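Okay, so here's the structure we're looking at.
The values are calculated or read from the model by the stated rules, or taken from the named source; none is laboratory data. Bear in mind the structure is a predicted one, so any value in this text is a computation, not a measurement. Here the Cβ positions follow ideal geometry from the backbone for every residue, glycine too, while neighbour counts run over all protein chains shown. All accessible areas refer to the heavy atoms of the entire protein, side chains included, with ligands and DNA or RNA removed. Shrake-Rupley method; radii C 1.70, N 1.55, O 1.52, S 1.80 Å.
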Amino acid sequence: MVEVEADIGQTLPAFSIVGLPDAALNEARERLRAAARNTGLPLSPRKLTVNLTPATLPKRGSLFDLAIVVSALQAAGKVPPTGRTVYLAELGLDGALRPVRGILPAVMAAVRAGHEHVVVAGANTAEARLVPGARVEGHACLADVLAAAGADPAPLHRPAPAGPPPPRPAPGSDDEDAARPGPDLAEVAGQAEGRLALEIAAAGGHHLLMVGPPGSGKTMLAERLPGLLPDLDDAAAMEVTAVHSLNGAAGRCTALVRRPPFEAPHHTVSAPALLGGGSGIPRPGAASRAHRGVLFLDEAPEFDRRVVDALRQPLESGRVRIDRSIASATYPARFQLVLAANPCPCGLSGGRGAECRCTPRERRCYFGRLSGPLLDRIDLQIAVPRVSYGELAAETGRGEATASVARRVAAARAAQAQRLHRHGVRTNAELGGALLQGPLRPGRAVTAPLERAMDRGELTARGHQRVLRVAWTLADLEGRAAPDADDVETALWFRSLVPA
């Protein structure tokens, strides 16, 4: 929380803002003088000092405009004290209140700190009211804010009313694609193993690697994963919406994001764009925008290895911490990672591989761009073969539709929620070693295949845990109370389909 203080001195006229303001805040002085003057309650002509505390925290952006003006007018005795009210809005020269980004997480922080009364721009009202426990006032101009606070402004002219709502997204735009129903799993020809892996990944929140030649359907499968995931509950929806509020256009967030997000960055993405960064206080990246959803890296070996390896820590912790010299930020990043890769540089070594001219060394080097520690964190690793003409041309016998598979996924998620609620986790993918070796540990006869695989050096301790997580998901999909030996064997099989 940032507290805004104002003091009026007896010296020559001046207007100073202290407390590590950025350029946008320093430039606010003339903007705020004009806004107050046009509202009919000009700021004091004497020396005005505004302090933003804590003084050691860098302040950036224009959302402090309204709080600075109200504080300065209270110091001059023109506005009665307003207590523990939070003011969040940018001001125009005519006194109009303009929306700012990040209102949802800002109001969440205010309520947690005990400040329930929040004043925002009218365009941010719907977003601010998404926070439970907040008493939100939305106003169009500074005169309305001051009148509600008990002052008697006499605006020289009232700002023009807000325009109509944003137009519907144009066909083919990103917003229009996001609002459109997702692609259907029934459109995928063949790929029985890939469809099963996709269902298991959706049911347990597991990470997935698909290796196959170009045109085999890897991207089609990945794009259909969000449609299998259930809607977000209130807590998860609030987290996802808060991240999107920080990155989206000001005033466009009017409802909670209920569908799991899907992020597919290009292989030229940088580490700050993937994990978060920027000058000043770092902003969320693609990994955080995919929180509670899917992060898809197509042509994964083409990504910079250091960039992809940077995901190893978020895959374990479910959050991203970004440290800068002046500030640090921690953002949620509990996403499902889906990787798609060709088996070699030319992509033709799958199946018979007769057309492939890549040398064995080139194949090893190409797939070796995905590090072993990263692959060890991927629960499901499958080979996606070429689709035959018979599978592609068949008019009957296509796989199940997304809605049918999603019902089984929802039932499995419900079983997990009932079993794991008391342990503080949501899905099998979040199970830790303490649970898998404690109350959720299967019998010795069930885990015998894992013991043999570890003795042969085919499985690490981390891989042992991930196989057990997948086995629990297989049991949930079948409606069993606990995994059996067949579930463990199947989970092991899903880690052996990708050739080394």
- Report ³J(HN,Hα) in whole Hz for each residue of the stretch 204-219, in order, from the Karplus equation J = 6.51 cos²θ - 1.76 cosθ + 1.60 where θ = phi - 60°; Gly and Pro get x. x, x, 8, 7, 9, 10, 10, 10, x, x, x, x, 7, x, 5, 5
- Estimated vicinal HN-Hα couplings, Hz - the stretch 11-19 in sequence order (Karplus 6.51, -1.76, 1.60; Gly, Pro = x): 9, 4, x, 6, 9, 10, 10, 10, x
- Over the chain, what relative contact order in percent results from Cα pairs under 8 Å that are six or more residues apart? 13
- Message: Restricting to Cα pairs below 8 Å that are 6+ residues apart, what does the relative contact order work out to for the stretch 278-425? Please round to a whole percent.
- Response: 23
- Considering the values (i) 32; (ii) 39; (iii) 27, which represents percent of Cα pairs over 38 Å apart as calculated for the structure under consideration? (ii)
- Query: Relative to the longest principal axis of the chain, what angle (0 to 90°, nearest 10) does the C-alpha long axis of helix 234-247 take?
  - Reply: 70
- For each cysteine in the chain, check whether another cysteine's C-beta sits under 4.7 Å from its C-beta; list those where none does. CYS141, CYS253, CYS346, CYS356, CYS365
- Helix-derived mean residue ellipticity, 222 nm - over the chain, DSSP H n ≥ 4, -39500 (n - 2.57), to 500: -10000 deg cm²/dmol
- Item | Of the trypsin sites (Lys or Arg not before Pro) in the stretch 432-500, those whose Cβ has at most 15 other Cβ within 10 Å and which sit in DSSP loop | ARG444, ARG456, ARG480
- Would you mind giving the average projected area, over all directions, of the Cα convex hull of the stretch 176-323 in nm² with one decimal? 9.9
- Task: Sticking to Cα atoms, compute the Rg of the stretch 337-479 to one decimal and its Dmax as the biggest Cα-Cα distance, whole number, in Å.
- Result: 19.3, 55
- Query: Which of the GluC sites (Glu not before Pro) found in the stretch 356-448 are in a DSSP loop and have at most 11 neighbouring Cβ atoms, other than their own, within 10 Å?
  - Reply: GLU395
- Farthest toward positive dipole pole in the chain [+1 Lys/Arg, -1 Asp/Glu at C-beta], among ALA448, ILE326, ILE103: ILE326
- Out of residues 5 or more away from PHE303 or on other chains, whose amide H comes under 5 Å of its own, with H placed 1.01 Å from N in the peptide plane? none
- Item | Per residue solvent-accessible surface (Å²) - the chain, probe of 1.4 Å | 47
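Looking at the square roots a ≥ b ≥ c of the eigenvalues of the Cα gyration tensor of the stretch 243-310, which shape do they give, rounded for a/c under 1.5, prolate if a/b is larger than b/c, or oblate?
On the way: a/c = 2.75, a/b = 1.49, b/c = 1.85.
It is oblate, given that a/c is not under 1.5 and a/b is not larger than b/c.
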- Note down the net charge around ALA151, summing +1 for each Lys or Arg and -1 for each Asp or Glu among other residues with Cβ under 13 Å from its Cβ. -1
- Message: Give me log10 I(q)/I(0) at q = 0.12, 0.15, 0.17, 0.26 Å⁻¹ for the stretch 1-60, Debye formula, one equal scatterer per alpha-carbon, no solvent.
- Response: -0.30, -0.46, -0.59, -1.14
- Task: Just grab the label-to-label distance for ALA417 and ASP152, each label 7 Å out from Cα along the Cβ direction, in nm (one decimal).
- Result: 5.6
